[in-house]
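A.B. asks: Have a look at the structure that comes next, please.
Laboratory data are not the source of any read-out in this text; all were calculated from the coordinates shown. Please read all numbers here as calculations on a predicted model, not as lab measurements. Neighbour counts run over all protein chains shown; Cβ positions are idealised from the backbone, glycine included.
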Amino acid sequence: MLIYKIFRAPEWQVLVDHGETDGAPIDIADGFVHFSTATQAAETAAKHFAGEADLILVALDADALGDALKWEVSRGGAEFPHLYRKMTMADVSWHKPLPLVDGAHQFPEEMV
């Protein structure tokens, strides 16, 4: 199963430049990298990235992350995937721009 991380362009660039990242400021503060499932990603974008352009959607294979990935109850009582180690470029299955069109983020067709 694929899970998803939304990065602002500078956060994505850290991963590209260094090959690993502790994530966004909220990830660093919380001590793990936050992810969403395909069904959770649009709500995550609306809640945490409303109106923001220049976002990158990154997909990772949840099974490949092993024991470092924990499913924990978060928003609305739903379980969200949290990674308790650095995220690496080797973890990335694919990445795509997440454009903002008429105030809403447009997710790739394979997710909807």
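A.B. asks: Using a Förster distance of 25 Å, how high is the FRET efficiency between residue 39 and residue 67, based on the Cβ-Cβ distance and rounded to 0.05?
C.D. replies: Approximately 0.55, to the nearest 0.05.
A.B. asks: Between residue 78 and residue 1, what length comes free when the chain is fully extended (0.36 nm per residue of separation minus the Cα-Cα distance, one decimal in nm)?
C.D. replies: 26.0 nm
A.B. asks: Also: Only helical DSSP H runs with n ≥ 4 go in: add -39500 (n - 2.57) per run for the chain, normalise by residue count and round the 222 nm mean residue ellipticity to 500 deg cm²/dmol.
C.D. replies: Taking each H run of at least 4 residues, the total per residue is -7000 deg cm²/dmol.
A.B. asks: I want the local charge near residue 35. Using Cβ-Cβ distances under 10 Å, sum +1 for each Lys or Arg and -1 for each Asp or Glu among the other residues.
C.D. replies: Combined, the nearby Lys, Arg, Asp and Glu give 0.
A.B. asks: So, in nm, how far is label residue 88 from label residue 54 when the simple model puts each one 7 Å beyond its Cα toward the Cβ?
C.D. replies: Between residue 88 and residue 54, the label points sit 2.9 nm apart.
A.B. asks: What do you get for GluC sites (Glu not before Pro) in the range 1-79 restricted to DSSP loop and a cutoff of at most 14 other Cβ within 10 Å of the site's Cβ?
C.D. replies: 52
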